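Peer 1: Just passing along the structure, written as structure tokens.
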Amino acid sequence: MELPDNTRYVAEQLGPDFGFYLHASQRLAEVNSAWQKIEIFENPLFGRVMRIDGCFMTSERDEFFYHEPMVHLPAISHGEPRRALIVGGGDGGAAEELLKYPGLEQLVLAELDDEVIRLAREWLPAIHRGAFDDPRLELRLGDALPFIEKGTERFDQIILDLTDPFGPATDLYTVEFYRACKKLLNPGGVISLHIGSPIHLKIPMARIAASLRAVFAIVRPYLQYVPLYGTLWCMAMASDTIDPTLLSAAEVDTRLHRQGLHDLQLYNGAVHHALFTQPNFVHNLLLQPVAPVHRGDILEGIHDPESLPAVRVIPV
């Protein structure tokens, strides 16, 4: 939107009663792909920002708040991932973090929309840092659902770096999909994903956690504040054999040193344990008796930003 003083504000509505805005000093790209609307714009605080279907996805200066715990907590908990799969993640940020592991031999990136990758290549090199050109990276473009359900490859680590559970991503938050992912994991394999916010996505978050518990023996939610998302965010690691909470802070730091990971901005041994600390309201939320998500379900409390009334941001 353009205000009378020619200052542009880009708003994201997290729900009917909650949202926030960023100052868009320059719009760099805008594409309506076959699947979604993708925008790249400049913000004085965050640098270049990618927005998809009205939701802020990633930015140059705060991407580590999301990508580091999403990638390194499960990778360090596993110890030595050699083959990994990222579903989504077309900005390349998760791939860039995983490719820091010298023992990683193959990384498959399954992204629905090639326009996300094209725009990230052009406008977000500070996020992907050339990851798309690493010979260990193999792109699989198209719908990840049949790839996962019919797949025969095996992985040590799977990362579900998805958009929120509406539109094309809805079926990727179900018990059925998590079961299909589990079949692709090697013994001792780990999976990580974001499961929503305990602030404005309470019931969806609890139901997604319940869906993971219906499939995996060990499910460990963890909390992270992501500035670009404007709220507290919850991720989870799941496995049948590995419990990340049993790793000492010293062992996490030892494993990071062994992998040569000396330049991380957020994740270390102390942070590893801090991420699992839950306020009482989050602990109680995750204990609620809620139904897991099955294919065909509609997650109550999830709002497609395009369905919400338009908002006008007026500076005071």
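The values are calculated or read from the model by the stated rules, or taken from the named source; none is laboratory data. Since we're looking at a predicted model, the values are computed, not measured. Every residue, glycine as well, gets a Cβ built from its backbone with ideal geometry; the counts of neighbours run over all protein chains shown.
Peer 1: Applying the selection to region 236-246, what residues are within 21 Å of G269 (Cβ to Cβ), buried (at least 22 other Cβ atoms within 10 Å of the Cβ) and of a type outside the set (S, T, N, Q)?
Peer 2: A236, M237, P244
Peer 1: Continuing with the same structure: Looking at region 9-33, which of the residues that are more than 23 Å from the chain's Cα centre (by Cα) and of a type in the set (D, E, K, R) is farthest from L232 (Cα to Cα)?
Peer 2: Step by step, filter region 9-33, then rank; the result is R27.
Peer 1: Out of the residues in region 151-179 that are among the β-branched types (V, I, T) and in a strand (DSSP E or B), which is surrounded by the most Cβ atoms within 10 Å (Cβ to Cβ)?
Peer 2: I159
Peer 1: Follow-up question, since we're still on this one. Which is farther than 23 Å from D156 by Cβ and either touching a Phe, Trp or Tyr at 6+ places or on another chain (Cβ under 7 Å) or of a type in the set (D, E) (or both), of Q265, Q259, Q278?
Peer 2: Going through Q265, Q259, Q278 in turn, just one is farther than 23 Å from D156 by Cβ and either touching a Phe, Trp or Tyr at 6+ places or on another chain (Cβ under 7 Å) or of a type in the set (D, E) (or both): Q265.
Peer 1: Being at pLDDT 95 or above, among the hydroxyl-bearing types (S, T, Y) and closer than 27 Å to A274 by Cα is true for just one of T245, T163. Which residue is that?
Peer 2: Criteria check complete, one pass: T245.
Peer 1: For T245, state whether it is part of a helix (DSSP H, G or I), in the same structural domain as V215 (by TED's automatic domain parsing), in contact with a strand residue (DSSP E or B) (Cβ under 8 Å, 6 or more places away or on another chain) and within 29 Å of L201 (Cβ to Cβ).
Peer 2: yes
Peer 1: Does Y66 satisfy the criteria of being surrounded by 19 or more Cβ atoms within 10 Å (Cβ to Cβ) and more than 18 Å from the chain's Cα centre (by Cα)?
Peer 2: The answer is no for Y66.
Peer 1: Mind listing just one residue for me: the one in region 243-290 that is among the aliphatic types (A, V, I, L, M) and in contact with an Asp or Glu (Cβ under 8 Å, 6 or more places away or on another chain) and, of those, nearest to M70 (Cα to Cα)?
Peer 2: Among them, the one singled out is L266.
Peer 1: Among the residues of region 100-150, count how many are basic (K, R), closer than 29 Å to V175 by Cβ and more than 19 Å from the chain's Cα centre (by Cα).
Peer 2: 1
Peer 1: Taking the options R118, R82, name whichever one is modelled with pLDDT of 95 or more, closer than 18 Å to G142 by Cβ and basic (K, R).
Peer 2: The conditions single out R118.
Peer 1: Follow-up question, since we're still on this one. If I go through region 251-292 residue by residue, how many of them are out of contact with any strand residue (DSSP E or B) (no Cβ under 7 Å at 6 or more places or on another chain), touching a residue at least 60 places away in the same chain (Cβ under 8 Å), over 22 Å from E96 (Cβ atoms) and not in a loop (DSSP other than H, G, I, E, B)?
Peer 2: Going through region 251-292 one residue at a time, the tally reaches 2.
Peer 1: In a helix (DSSP H, G or I) and of a type in the set (G, A, S): which single residue out of A84, A94 fits that description?
Peer 2: Testing whether each residue is in a helix (DSSP H, G or I) and of a type in the set (G, A, S) leaves just A94.
Peer 1: Moving on. Consider region 180-202. How many of its residues are surrounded by fewer than 22 Cβ atoms within 10 Å (Cβ to Cβ), of a type in the set (A, V, I, L, M, F, W, C) and under 18 Å from Y229 (Cβ atoms)?
Peer 2: 1
Peer 1: Restricting region 97-137 to residues that are part of a helix (DSSP H, G or I) and among the aromatic types (F, W, Y), which is nearest to P69 (Cα to Cα)?
Peer 2: Checking each candidate, the answer is F132.
Peer 1: Output the residue which, of all residues in region 23-43 that are under 26 Å from S197 (Cα atoms) and without any contact (Cβ under 8 Å) to a residue 40 or more places away in the chain, is surrounded by the fewest Cβ atoms within 10 Å (Cβ to Cβ).
Peer 2: Top of the filtered list is K37.
Peer 1: Still on this structure, I have one more. Scan region 193-215 and tell me whether some residue there is farther than 23 Å from G19 by Cα and either in contact with a Lys or Arg (Cβ under 8 Å, 6 or more places away or on another chain) or not assigned by TED's automatic domain parsing to the domain that holds P146 (or both).
Peer 2: yes
Peer 1: Could you check how many residues of region 197-225 are within 16 Å of the chain's Cα centre (by Cα), within 17 Å of P279 (Cα to Cα) and aliphatic (A, V, I, L, M)?
Peer 2: Number satisfying all stated conditions: 4.
Peer 1: Of the conditions (1) more than 24 Å from W233 (Cα to Cα); (2) part of a loop (DSSP other than H, G, I, E, B), I148 fails just one. Which one is it?
Peer 2: Condition not satisfied by I148: (2).
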